[in-house]
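The values are calculated or read from the model by the stated rules, or taken from the named source; none is laboratory data. Being a predicted model, the structure only gives us computed values, none of them experimental. Neighbour counts are summed over all protein chains in view; Cβ atoms, including those assigned to glycine, are modelled from backbone coordinates with ideal geometry.
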Ligand SMILES: Cc1cc2nc3c(=O)[nH]c(=O)nc-3n(C[C@H](O)[C@H](O)[C@H](O)COP(=O)(O)OP(=O)(O)OC[C@H]3O[C@@H](n4cnc5c(N)ncnc54)[C@H](O)[C@@H]3O)c2cc1C
């Protein structure tokens, strides 16, 4: 088996992600997904979960779990994740060629609720955070360094080889000696295959030094923080009240220091609210 690729891990887009198992996050638009897609998605998600379970507990913890705390100063209820209603004036993907509101994104998580951990509200003394409302949900995460290393090691052990090569058009694939080619160039498929249904969804992840003594994750005011073995990841995913529309349509790939600092400041302000311990 041969992998032909322009970039190797860790220099691929995947390693710039938040790195949590969120299989239905902005995966499709309800109106555009085919009638069978929900069922296909469910099969893929169940298979994925089963596969990753075998990677738990390995040296370096390539796949791990964190308690993820959703924190809020106002009551947490179903409304906090309810998408804003569609704004008729803005149109939809069908009329503009791009999604215009969070309500257009499909939500499939309920299809696998029987195998994913249920959230638990933390009341009174069970809530250790300096906010009025907290909820805990175990979250599967990827430690990119250990996971990349494991994938490449397994591939080489199985006799795979890697060829660094850049393709420029679908016709280039016909030159390959292999009879079966699985083409998965990620976002590059938009230009490569002229597939304009693939839309960019930009995000900004910032990495602080690892803090192994604080192995948990949290979400507060539209910012996610995950403490992993290779660093503390901080990502603003909804700092401007846009919901799932945050970053949609934005293909800008460079680091944005101002956005990173805004996200880090939100988490920093949260932690300054902790009461100092005596002694
Ligand atoms: C900020 C942010 C946070 C995210 N967080 C999460 C998350 O928590 N959970 C989640 O599930 N998803 C998350 N995502 C989405 C996730 O990162 C992507 O869906 C995923 O990484 C895509 O993986 P891929 O293998 O398809 O593409 P890529 O990782 O982009 O890999 C594509 C490969 O194709 C190669 N390639 C591309 N073009 C060519 C060419 N012309 N010739 C040769 N080789 C080529 C590249 O070198 C690369 O090796 C996030 C995305 C962002 C931006």
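Quick one: residue 200 ticks every box in (1) within 8 Å of the ligand (Cβ to nearest atom); (2) closer than 30 Å to residue 233 by Cα bar one, so which box is it?
Failing condition for residue 200: (1).
Could you say whether any residue in segment 217-234 is within 13 Å of the ligand (Cβ to nearest atom), under 18 Å from the mean Cα position of the chain (by Cα) and not in a strand (DSSP E or B)?
No: zero hits.
Can you report the number of residues in segment 100-149 which are more than 16 Å from residue 70 (Cβ to Cβ), part of a loop (DSSP other than H, G, I, E, B) and in contact (Cβ under 8 Å) with a residue 12 or more places away in the chain?
Total satisfying the criteria: 7.
Six or more apart or on different chains, Cβ atoms under 8 Å: show the pairs whose first residue is in segment 219-239 and over 15 Å from residue 144 (Cβ atoms) and modelled with pLDDT of 95 or more and whose second is assigned to a loop (DSSP other than H, G, I, E, B) and more than 14 Å from the ligand (Cβ to nearest atom).
220/131; 222/240; 222/241; 239/221
How about segment 23-52: which of its residues are away from the ligand (no atom under 15 Å from the Cβ) and within 18 Å of the chain's Cα centre (by Cα)? Before you say what the answer is, go through the steps one by one.
The first filter runs over segment 23-52 and keeps only residues away from the ligand (no atom under 15 Å from the Cβ), leaving 29-40, 42-43, 46, 50.
Correct list: 29, 42, 46.
Check residue 157 against each of (1) surrounded by fewer than 17 Cβ atoms within 10 Å (Cβ to Cβ); (2) under 22 Å from residue 51 (Cβ atoms); (3) within 12 Å of the ligand (Cβ to nearest atom) and name the one condition it does not meet.
Unmet condition: (3).
Within the group 264, 248, which residue is within 14 Å of the ligand (Cβ to nearest atom) and in contact with a strand residue (DSSP E or B) (Cβ under 8 Å, 6 or more places away or on another chain)?
Sole residue among the options that is within 14 Å of the ligand (Cβ to nearest atom) and in contact with a strand residue (DSSP E or B) (Cβ under 8 Å, 6 or more places away or on another chain): 248.
Conditions first: (1) under 26 Å from residue 68 (Cα atoms); (2) touching a strand residue (DSSP E or B) at 6+ places or on another chain (Cβ under 6 Å); (3) within 13 Å of the ligand (Cβ to nearest atom). Residue 165 passes all but one, so which condition is the exception?
(1)
Return a yes/no flag: does segment 11-22 have any residue that is part of a strand (DSSP E or B), crowded, with 17+ Cβ neighbours inside 10 Å and either touching a residue at least 12 places away in the same chain (Cβ under 8 Å) or within 12 Å of the ligand (Cβ to nearest atom) (or both).
Yes, that holds for at least one residue.
Go through segment 182-194 residue by residue and tally those that are exposed (fewer than 11 other Cβ atoms within 10 Å of the Cβ) and farther than 16 Å from residue 14 by Cα.
Final tally of qualifying residues: 2.
Quick one: would you say residue 102 is under 30 Å from residue 266 (Cβ atoms), at pLDDT below 95, buried (at least 17 other Cβ atoms within 10 Å of the Cβ) and out of contact with any strand residue (DSSP E or B) (no Cβ under 6 Å at 6 or more places or on another chain)?
yes
Residue 176 versus (1) modelled with pLDDT of 95 or more; (2) within 10 Å of the ligand (Cβ to nearest atom): which is the lone unmet condition?
Of the numbered conditions (1) modelled with pLDDT of 95 or more; (2) within 10 Å of the ligand (Cβ to nearest atom), the odd one out for residue 176 is (2).
Part of a loop (DSSP other than H, G, I, E, B) and farther than 28 Å from residue 99 by Cβ - does that describe any residue in segment 253-274?
Residues of segment 253-274 that are part of a loop (DSSP other than H, G, I, E, B), as a first pass: 253-256, 273-274.
From what is left, the residues that are farther than 28 Å from residue 99 by Cβ are 273-274.
For segment 253-274, residues part of a loop (DSSP other than H, G, I, E, B) and farther than 28 Å from residue 99 by Cβ: present.
Filter segment 150-162 for residues that are within 18 Å of residue 14 (Cβ to Cβ) and part of a helix (DSSP H, G or I) and give the result.
If the condition is that a residue be within 18 Å of residue 14 (Cβ to Cβ) and part of a helix (DSSP H, G or I), then 150, 151, 152, 153, 154, 155 are the ones that fit.
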